[in-house]
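Asker: Let me begin by handing over the structure; questions about it come next.
Computed from the coordinates by the stated procedures, all read-outs in this text should not be read as laboratory data. Since the model is a prediction, treat every value here as computed from it, not as a measurement. Note that each Cβ is placed from the backbone with ideal geometry, even for glycine, and that neighbours are counted across all protein chains shown.
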Amino acid sequence: MPPTILLIDDDPTLLEMLADHVRDAGYQPLTAGRAAEGVRLALEAQPALIVLDVMMPGMDGWEACRRIREVSHVPIIMLTAKSEEIDKLRGFRLGVDDYVTKPFSFAELIARIRAVLARAQHAPSPTQRLTSGDLTIDFDQHTVTLDGQPVDLTPTEYRLLEALARHARRTVPTERLLSEVWGAEYAGEPEHVKHYIWALRRKIERDPGDPQHIITVRGFGYRFE
């Protein structure tokens, strides 16, 4: 059974075209023309990935994403006509895994879907644990705790933290993080790393403005202490 991709968009023509391309790429499309319907299908069908439009009447994509994230870590790609940094930051705070800005090519979207699914399935798990002060990362269980309390990370946030932690006390170049966490096709997109570092610090640092675990090495990359 091919992985199910849930497509949520209020444009019926675009939705039909998306479904055709997703099907041609070897996936099983499931469509919803309204955000509320999409949230219901996300919970009932448990798709492998969701492609979610931002601008929809009634409940918009932001609210739909928030509701889905309350109960699921399913990968989400947002379709948006907006490319402003504040919109991307809002999405990363909600746990969005990737953005595709309209207008886009269907080939680009399929490539992004493949990349996000590949990252979600990537699960290296040596049996070991790393503790840094109040923060503990269990590589075997893929869990993170702060002062003994579980930290709710999205799959991408966890992979980024793990990539840094596995090179503790060594600076990891931004391009290497892009390659390890997102894939080679994201080369040259350092803003991806920047946004996720910001989101990650908000969850694991006591003072995100004065981080103790994830240190920026300006002009080069990041270091986990």
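Asker: Do you know which residues across the range 39-68 are touching a helix residue (DSSP H, G or I) at 6+ places or on another chain (Cβ under 6 Å) and either among the aromatic types (Phe, Trp, Tyr) or part of a helix (DSSP H, G or I) (or both)?
Answerer: Val39, Ala42, Ala64, Cys65, Arg66, Arg67, Ile68
Asker: Taking Gln128, is it exposed (fewer than 12 other Cβ atoms within 10 Å of the Cβ), of a type in the set (S, T, N, Q) and under 16 Å from Ile204 (Cβ atoms)?
Answerer: Values: exposed (fewer than 12 other Cβ atoms within 10 Å of the Cβ): yes; of a type in the set (S, T, N, Q): yes; under 16 Å from Ile204 (Cβ atoms): no.
No; evaluated as a whole, the condition is false for this residue.
Asker: Scan the range 13-32 for residues that are surrounded by fewer than 21 Cβ atoms within 10 Å (Cβ to Cβ) and closer than 19 Å to Thr80 by Cβ and report the count.
Answerer: Summing the residues that are surrounded by fewer than 21 Cβ atoms within 10 Å (Cβ to Cβ) and closer than 19 Å to Thr80 by Cβ in the range 13-32 gives 6.
Asker: Scan the range 51-75 residue by residue and report those that are of a type in the set (Val, Ile, Thr) and within 15 Å of Arg40 (Cα to Cα).
Answerer: Of the residues in the range 51-75, the ones of a type in the set (Val, Ile, Thr) are 51, 54, 68, 71, 74.
Matches in the range 51-75: Val51, Ile68, Val71, Val74.
Asker: Right, here's the next one. Where residues in the range 1-34 are in a loop (DSSP other than H, G, I, E, B) and acidic (Asp, Glu), which of them is farthest from Ala45 (Cα to Cα)?
Answerer: Filtering the range 1-34 for residues in a loop (DSSP other than H, G, I, E, B) gives 1-3, 9-11, 25-27, 33-34.
Checking the rest, the ones that are also acidic (Asp, Glu) come to 9-11.
Details: Asp9: 17, Asp10: 19, Asp11: 22 Å.
Restricting to residues being in a loop (DSSP other than H, G, I, E, B) and acidic (Asp, Glu), the top hit is Asp11.
Asker: Next up: Would you pick out the residues in the range 202-220 that are free of Cβ contacts under 8 Å to residues at least 60 places away in the same chain and within 19 Å of Arg176 (Cβ to Cβ)?
Answerer: Result: Ile214, Ile215, Thr216, Val217, Arg218, Gly219, Phe220.
Asker: Give the residues of the range 187-225 that are buried (at least 17 other Cβ atoms within 10 Å of the Cβ) and among the aromatic types (Phe, Trp, Tyr), sorted by residue number.
Answerer: The answer is Tyr196, Tyr222, Phe224.
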